[in-house]
1. What pairs can you find where one residue is in the range B:75-95 and facing another protein chain (nearest Cβ under 7 Å), the other is at pLDDT below 95, and their Cβ atoms are less than 6 Å apart, with a gap of 6+ or different chains?
2. Would a scan of the range A:50-68 turn up a residue that is under 13 Å from the mean Cα position of the chain (by Cα), closer than 20 Å to B:S121 by Cβ and either in contact (Cβ under 8 Å) with a residue 60 or more places away in the chain or not in a strand (DSSP E or B) (or both)?
3. Looking only at residues in the range B:11-28 that are among the acidic types (D, E) and assigned to a loop (DSSP other than H, G, I, E, B), which one is surrounded by the fewest Cβ atoms within 10 Å (Cβ to Cβ)?
4. Quick one: in the range A:97-109, of everything that is within 10 Å of another protein chain (Cβ to nearest Cβ) and touching a residue at least 24 places away in the same chain (Cβ under 8 Å), which residue is most open to solvent (accessible area, probe 1.4 Å)?
5. Report yes if B:E57 is open to solvent by 80 Å² or more (accessible area, probe 1.4 Å), within 29 Å of A:I47 (Cα to Cα) and acidic (D, E), otherwise no.
6. Please work out which one of (1) in a strand (DSSP E or B); (2) away from chain B (no Cβ under 14 Å) is the condition A:G42 fails and give its number.
7. Please count how many residues of the range A:49-71 are farther than 14 Å from B:I58 by Cβ, within 9 Å of another protein chain (Cβ to nearest Cβ) and among the hydrophobic types (A, V, I, L, M, F, W, C).
8. Quick one: is B:K142 farther than 19 Å from A:P86 by Cβ, open to solvent by 50 Å² or more (accessible area, probe 1.4 Å) and not acidic (D, E)?
2 protein chains.
Amino acid sequence: MNNDLDKLFMAEAIKEAKLAYKEREVPVGAVIVIDNKIVARGRNTRIKDNLVTSHAEINAILSLEKELNQRILDNATIYVTLEPCPMCAYAIMESHIKRLVYGTVDPKRGAISTLDIFNKSLGSKVEVCGNIEKEECESLLKEFFKELR
Amino acid sequence: MNNDLDKLFMAEAIKEAKLAYKEREVPVGAVIVIDNKIVARGRNTRIKDNLVTSHAEINAILSLEKELNQRILDNATIYVTLEPCPMCAYAIMESHIKRLVYGTVDPKRGAISTLDIFNKSLGSKVEVCGNIEKEECESLLKEFFKELR
C-alpha cells in the first residue's frame, strides 16, 4: 500500500470524524477498505446510542459483518482517525483485519500506547501504521474538547 | 458481597453457558446484578450472529444499556464464567461496572492474565474476583472442546 492511498482513505475517515463532530460526539471516524474500495464507514455515536460499543471502529466493523454475514474480514484494512482503545483493538484482531492505519495517538487510552496490544500474541497478526494525517486528526479532537470546556 | 451470593449468581451465569453449549457455541455465560437482582443475561452467540462483539459479557451489557437507555452501569456487578478478553474487559470498564466476578481463567486471551488490564489506569476502577465455581466453568469448556475435536 502506498502512502498516497493511505492518505486518501484517511481523508474519508476524517470526513466521518467531522460528521461525528457536528453531532456533538467525540470526533473519531473510520473506514474499512478491501481491494482499494471503501466497503464500510463508521463514526463515534456513543452519546446518541448510549451503548459502550458505539466507537467508530466497531460501528464500521459491525456494519460490514452484518452486510456480509461474516465475522472474518481478513483482506481488510481499517483506517481510523484515533489510535484504537483496547476494546476496538481486540475487535480488529478478532475480525482478522489485516492492517490498521490510524491518524493520531491516544497516549491515555490507546491500546498500542498503553498495552502494546498487537505484540502480545493475543490473536491474529495485524500490521499497524500510525501518524497518517496526524495533524488534522489531532486538531479536530483538540478543537472539540476546547469548545466543550 | 458474600461468597454464597457470588456462587448463586455464578450458577446463573453457568446456566447461560450451558445454553450456549446446546447451541454449539463456546460455552461462556454472563449475568449482570444490581442490588442483588439479575437485571441482564448474556451468552456467547458469535457463530449464530457472525459478529465480533457477540461475547457473553457484551451481549449482557448491551441488552441492559438498551433497556435502560444508559451507558453507565455503575452499581452493577457482572458475573462471567470465563475471564474476559480485552474487548470485553474494556467494555466493562467503559460501562463503569463496579465489580467483575469470573469463573475460570483464560491464560491465552484473558485480559487480566495477559495484560493486567485493570491495573493500567485505562478507565474506571473495577473490583475483580476470580475463581468462583472455577471447576464447573472450566469443565464445561473442556468438554466442549473435547467434543469438537
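1. The qualifying pairs are B:E94/B:G123.
2. Among the residues of the range A:50-68, at least one is under 13 Å from the mean Cα position of the chain (by Cα), closer than 20 Å to B:S121 by Cβ and either in contact (Cβ under 8 Å) with a residue 60 or more places away in the chain or not in a strand (DSSP E or B) (or both), which makes the answer yes.
3. Initially, the range B:11-28 is screened for residues among the acidic types (D, E), giving B:12, B:16, B:23, B:25.
Now narrow it down to the ones that are assigned to a loop (DSSP other than H, G, I, E, B): B:23, B:25.
On the way: B:E23: 13, B:E25: 20.
Among residues in the range B:11-28 that are among the acidic types (D, E) and assigned to a loop (DSSP other than H, G, I, E, B), the one surrounded by the fewest Cβ atoms within 10 Å (Cβ to Cβ) is B:E23.
4. So in the range A:97-109, the residues within 10 Å of another protein chain (Cβ to nearest Cβ) come out as A:97, A:108-109.
Now restrict to residues that are touching a residue at least 24 places away in the same chain (Cβ under 8 Å): A:97, A:109.
On the way: A:I97: 0, A:R109: 87 Å².
Here the residue is A:R109.
5. Values: open to solvent by 80 Å² or more (accessible area, probe 1.4 Å): no; within 29 Å of A:I47 (Cα to Cα): yes; acidic (D, E): yes.
When the stated conditions are applied, B:E57 does not pass them.
6. Every listed condition holds for A:G42 apart from (2).
7. 1
8. Details: farther than 19 Å from A:P86 by Cβ: yes; open to solvent by 50 Å² or more (accessible area, probe 1.4 Å): yes; not acidic (D, E): yes.
So B:K142 passes the test.
The values are calculated or read from the model by the stated rules, or taken from the named source; none is laboratory data. Just so we're clear, the structure is a prediction, and the values are computed from it rather than from any experiment. Because the Cβ atoms are built from the backbone with ideal geometry, glycine has one as well, and the counts that use them run over all protein chains shown. To get the accessible areas, we keep the full protein, side chains included, count just its heavy atoms, and leave off ligands, DNA and RNA. Shrake-Rupley method; radii C 1.70, N 1.55, O 1.52, S 1.80 Å.
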